[in-house]
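Since every read-out is calculated from the coordinates, none of them should be taken as a lab result. Predicted model, so just to flag it, every value in this text is computed and none were measured. Heads up, the Cβs are rebuilt from the backbone with ideal geometry, glycines too, and the neighbour counts pull from every protein chain shown.
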Amino acid sequence: MNGAKVIYADPRYTATARQADLYMPFVSGSDVAILNGLMQEIIKNGWEDKEFIAKRTKDYEKLKEVVMKDAYSLENVSKISGIPVESLKTAAEWLGTTKPGAILYSMGITQHTVGVDNVKSVANIQMLLGNLGKPGSGVNALRGQNNVQGACDMGALPVVFTAYQKVTDAAVHKKFADAWGFPDGICEPKNGYEVTVMMDVLTDNPGELKCMYIMGENPMLSDPDLNHVRHALESLEFLVVQDIFLTETAEMADVVLPAACYAERNGTQTSTERRVQMWRKAQDPPGEAKEDWQIISELAAKMGYAKQFPYQSAEEIFTEVAAVTPSYHGMNYERLSKPEALHWPCPTLEHPGTPILHKEKFSHPDGLGIFTPIEWKPPAEVPDAEYPFVLTTGRVLWHWHTGSMTRRSATLDAEVPTGWIEINPEDAKALGIKDKEKVRAVTRRGSVEVPAKVTKDIMKGIMFMPFHFAECAANILTNNALDPIAKIPEFKACAVKVEKIMEA
Amino acid sequence: MAAIGDMFYTWAADADVLKKGECGGAITALQQYALSSGMVDAVLAVRKGADIYDAVPTFITNPAEVAETAGSLHCGTLLLSKLVKDYLDSNKTARLGVTVKGCDTMGLIELAKRDAVDLDRLILLGVNCGGSVSPVLARKMIREKFEVDPDLVHKEEIDKGQFIIEYEGGHKGIKIDDLEDEGYGRRSNCRRCLYKVPRQADLACGNWGVIGDKAGKATFVEVCSKKGANLLDAAVKAGAVKTEPAIPKGIEIRGKVEGAMLNLGNKWRKKNFEALASDLWGTIGRETGRCIKCYSCIENCPVCFPAAEDLKGKSRMVISGEVPPNPMFHLRRFAHISDSCINCGQCEELCPMDIPLALFSHAIRTEGDSAFEPKLGKAPYTN
């Protein structure tokens, strides 16, 4: 790097932390407080980008009213977050005096009951610093999977068609209904349930949802509060799972449809930077496995909709996507075949694509960025006398998500064969727990037996578990509390206790 | 009759090959002859894939398809030696003709030392090589320094110290020195390379030293082995290629070009190694501190092979599941290849974390070579 400084905030001293110039371990769930505190310090020192604020944004005064409160003085933020005042001061100074600066975040920001608040706070501080719409700046969400951006772009959400066109918008609804030409029309123009909400509906209102068709997802390991998820899936009348292996979820299914894996199919994937890239098949799928689009087309034909699913190739489907999706409109396989591919929005065939968003204006009707004043709220569940520690969860480099692929790799299994719970040496000492000792981790939702990893790489008072491992599944423990807007669950903070396992 | 040490200007007899190949298409014609005459069962060469930045190694058994591999691709940053090993392992009696750069040749020699390939089953047509350019950087360089859309370029070459492109509407050349001073140009390991003419191949071929009316129309061929002499003689006799003796002035110029390239290589060695020496352990520690233990450097190293399956678990000094791994993960490899690193650059080229691994292992080998004799031979014991 050409002298750029890296500030890294995480309860764990990870491989990324080693690369940082300033490492700030913090209590999971204190994000808004930290960002508000940094903004207060930046404003106090006059480091805000006054020109950017004046020309490109509105409601700055409203933001100021909140972040300048004494509650967000560095001293108070230090108490909430556990970050020393000196570190916060340094971070504010580097952010305030080095331009441009980028903020990169991942699920640590989003997987909270205040996930939307956290993201808006990141946007607030970047607008305050004028760090938007130019190279080396921005609010950069590092998505959790290679193509999660593409899945969202394709409308794999209950409230939008492709490219975030609202299902409730009458004109949009008509456009899709006309394009698809179903004789009996398409679904009503109203929002559906998010995945996490469906699980609650299944348990709270049995019979409302009868059938579920799950593709390439393993909620029996990846969703919060697995006992709840099991209860929910057992409430279904009919469950179909389409996947490449018999996952924990597929084991519960009435029908399992074998799918092709990433190396066995053509298509595109859209990365976190909105770059749509070609994805080329390397080999044929094994046995009866088929590409997802083939399975869906065949199923549709059985249901009497062969005419609406006439596809012969992934390219034909992409052509349809481009036709009905304004931000993909100028893309086709020929253009995407170039190594650099294209970033959306790319509205016309002549358009070069848009590597950097918001260069001149933001997406609100008046083109201005809106500051949203946000008060810090603690996680839905915080430590108390009975459950005295914060549990946070995440991934490790060696395994991917629910391990359905990576745990079948002998090499990766040799690197990391099972899960663990990270405990700070001081906490471990107080609990009388030794490194590698199997312990019982307990929350209000369940308990798992898991080996302890006693390490100074985790902050005192916080514990961490990777969620890849069915035999010691972190998500037995996590809290199914949701962000009120995004409905994302709070994987990153709940209250836990750890007990020694007594020989009977 | 050709003999070891003889030098010829050689060109294809076939008009089509003459047209498709570079510098008279001699290599294409020789490979074609080797295949059609049954001297080899297959030819391994590199053909153009999606574009000129996409070099694809290809095994060919139909002589008519050899012409598809005519011409050079400087953005093909491949090493063929392990592909050769895999082919010979799975085709137990087959013989293979291979077009090799210096690094391919060195890789095969190292494999042969370890009884991993049988050189008697190979006919190696060496090509002189001034270096290769990573495809991603090449596209960036052509866009930014040449100010040409890289997709419009249909040919590139390195000649007379310049990187030259031909594109729809013209051609443009920029001095390699200038490009490299600005961080473009050849790969770092290629800059340091001192093995420009692969004389351990059976024939060493190339354009350096072809002058006069044959300039651009013939290939300079040095006969380096009995096998090479036999191929050339038979190909001439069968009418596949035509030759005439290289003229003294051409031989002199060939020496000068090679000498200039070696001087440049030594200049880069001095520059790179001195910079590294100023903080050797600090640099190695810092750079390898980004390692994500993907094993790409090991899998692609021509000298590191198979026993590695066992290494993927736990060893005494490299604990499983750590990122970055214990420094021994890299020190172990550096030690293993300390007198065998051929500076092919694959470890560095394919490292997803951009760790300059070839710089480290090359520095270690050259330092060791300057201090210790004799060099590696497989020890007849295990201890």
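Which translational diffusion coefficient, to the nearest whole µm²/s, is obtained for the range A:389-500 from the Stokes-Einstein equation, given a Kirkwood hydrodynamic radius over C-alpha pairs, 25 °C and 0.890 mPa s?
171
Please tell me which of these pairs span more than 26 angstrom C-alpha to C-alpha: A:K89/A:K456; A:K5/A:K134; A:K210/A:K487; A:K456/A:K500; A:K55/A:K492; A:K44/A:K456?
A:K55/A:K492; A:K44/A:K456
For n ≥ 4 DSSP H runs only, could you compute -39500 (n - 2.57) per run for the protein assembly as shown, divide by its residues and tell me the 222 nm figure to the nearest 500?
Mean residue ellipticity at 222 nm (helix-derived): -9500 deg cm²/dmol.
Modelling each spin label as a point 7 Å along the Cα-to-Cβ direction, I'd like the A:Q19/B:L262 distance in nm, to one decimal.
For the pair A:Q19/B:L262, the computed spacing is 4.2 nm.
Assuming R0 = 51 Å, what is the FRET efficiency of A:M215 and B:E244, from their Cβ-Cβ distance, to the nearest 0.05?
So, using R0 = 51 Å, E works out to roughly 0.15.
How much FRET efficiency would the formula 1/(1 + (r/R0)^6) give for A:H364 and B:E144, where r is the Cβ-Cβ distance and R0 is 41 Å, rounded to 0.05?
Computed FRET efficiency for A:H364 and B:E144 comes out at 0.70.
Suppose every K and R has +1 on its Cβ and every D and E has -1 on its Cβ; what is the size of the dipole of the range B:178-324 about the Cα centre, in Debye to the nearest 20?
That gives the range B:178-324 a dipole magnitude of about 200 debye.
With the alpha-carbon atoms as the only input, what is the per residue convex hull volume for chain A in Å³?
Considering the Cα atoms of chain A, their hull volume per residue is 179 Å³.
Dividing the Cα radius of gyration by the Kirkwood radius, what Rg/Rh value follows for the range B:279-371?
Taking Rg over the Kirkwood Rh, I get 0.93.
Only Cα pairs within less than 10 Å get springs; with that Gaussian network setup on chain B, which residue of B:A363, B:A275, B:A112 has the largest fluctuation?
Maximum fluctuation in the GNM of chain B, among the listed residues, is at B:A275.
Could you list which residues have their amide H under 5 Å from that of A:L142, counting only those 5 or more apart in sequence or on another chain, with H placed in the peptide plane?
A:Y105, A:S106
For the range B:78-111 and the range A:280-303, what is the separation of their Cα centres, given in Å?
The range B:78-111 and the range A:280-303 have Cα centres spaced 39 Å from each other.
For the range B:233-313, just the Cα atoms, rotate onto the principal axes and tell me the three extents in Å, largest first.
Taking max minus min along each principal axis of the Cα atoms, the range B:233-313 gives 56, 36, 15 Å.
Bin width 10 Å, alpha-carbon pairs only: give the P(r) of the range A:152-253 as whole percents, running from 0 to the bin holding the largest distance.
Result, from short to long distances: 14, 38, 32, 16, 0 percent.
Which three lengths, in whole Å and largest first, does the range A:453-502 cover when its Cα atoms are put on their principal axes?
Largest to smallest, the principal-axis extents are 40, 25, 19 Å.
Where does the range A:148-343 land on the Kirkwood hydrodynamic radius, alpha-carbon pairs, in angstrom?
Across the range A:148-343, the inverse of the average 1/r is 18.4 Å.
Write down, largest first, the equivalent ellipsoid semi-axes of chain B in whole Å, where each equals the square root of 5 times an eigenvalue of the alpha-carbon gyration tensor.
35, 26, 20
Measure off 7 Å from each Cα along the Cα-to-Cβ vector at B:S90 and B:R286, then give the distance between these two points in nanometres to one decimal.
4.3
Which one of B:L280, B:L30, B:L111 has the biggest mean-square fluctuation once chain B is modelled by GNM with Cα springs under 10 Å?
Comparing B:L280, B:L30, B:L111 in the GNM, the peak value goes to B:L280.
Set the Förster radius R0 to 41 Å, insert the Cβ-Cβ distance between B:Y295 and A:H351 as r into 1/(1 + (r/R0)^6), and round the FRET efficiency to 0.05.
That pair, B:Y295 with A:H351, gives E of 0.50.
Between the range A:369-421 and the range A:201-245, what's the alpha-carbon centroid distance in Å?
21
Among A:K453, B:K145, B:K160, rank each residue by its count of other Cβ atoms within 10 Å, from fewest to most, as a rough exposure measure.
B:K160, B:K145, A:K453
Please list log₁₀ I(q)/I(0) at q = 0.13, 0.20, 0.21 Å⁻¹ for the range B:42-174, using the Debye equation with identical point scatterers on the alpha-carbon positions.
The Debye formula, applied to the Cα set alone, gives -0.60, -1.12, -1.20.
Above 55 angstrom, tally the Cα pairs of the protein assembly as shown and express them as a % of all pairs, no decimals.
Result: 22 percent of Cα pairs exceed 55 Å.
Whole Å is fine, so just give me how far the alpha carbon centre of the range A:122-136 lies from that of the range B:155-214.
When both Cα centres are located, 45 Å separates them.
Apply the Karplus parameterisation 6.51 cos²θ - 1.76 cosθ + 1.60, with θ equal to phi minus 60°, to every residue of the range A:348-361 and state each ³J(HN,Hα) to the nearest whole Hz, in sequence, with x for glycine and proline.
Result, rounded to whole Hz: 9, 4, 8, 5, x, x, 10, x, 10, 8, 6, 4, 9, 8.
Out of all DSSP beta bridges in the protein assembly as shown, what portion is antiparallel? Express it as a percent rounded to 5.
60
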